[in-house]
Amino acid sequence: MSQTQIIDANASKWGVWVSILIIVAAFVAYLFLPLQPAYLKSLLLLAGFVVAAVVYFVSPSGKAFVAFAKDALRETKKVVWPTRKEVLQMAGVVFLFVFVMALFILGVDKTIEWVLYDLILRWKK
């Protein structure tokens, strides 16, 4: 990785840090500004979040996130989703497997209990 790529990667993070600073400033303003009506403080906090979101989505990191989200949505549209019948059949197979495994583990547990307590230790219940 070259030096210019490292500098570009660090420079593209400005949107994240500026957004965080805006959110922190909005919280500080919400907590410490002596605005009497509560709705004004709430609006100030909401405006801080909106401005932070706009700054983030304008930055290179935000644009990369939007591009990733669009690609992910495009890929989910390509997925062949199973039908209701297939889902119910596979769920039935899973439940049957879990039931059989539970019976197997119960059988192994009781066998080990019988060998240990009845045959080896000769403890009678």
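The values are calculated or read from the model by the stated rules, or taken from the named source; none is laboratory data. Here the structure is a predicted model, which is why all the values come from computation and not from measurement. With ideal geometry, Cβ positions are generated from the backbone for all residues, glycine too; neighbour counts draw on all protein chains shown.
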Of (1) over 21 Å from I20 (Cα atoms); (2) over 28 Å from the mean Cα position of the chain (by Cα), A72 satisfies all except one. Which?
-> (2)
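So that you can scan it fast, the table gives a plain yes or no per residue for (1) small (G, A, S); (2) more than 15 Å from W14 (Cα to Cα):
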| position | (1), (2) |
| --- | --- |
| G48 | yes, yes |
| V54 | no, no |
| G62 | yes, no |
| A72 | yes, yes |
Are there any pairs, at least 6 apart or on different chains, whose C-beta atoms fall under 7 Å, with the first in the stretch 82-103 and touching a residue at least 60 places away in the same chain (Cβ under 8 Å) and the second part of a helix (DSSP H, G or I) and surrounded by 10 or more Cβ atoms within 10 Å (Cβ to Cβ), and if so, which?
-> none
Answer residue from the stretch 79-92, given it is loosely packed, with under 10 Cβ neighbours inside 10 Å and modelled with pLDDT of 95 or more and is farthest from A53 (Cα to Cα) among those = K85
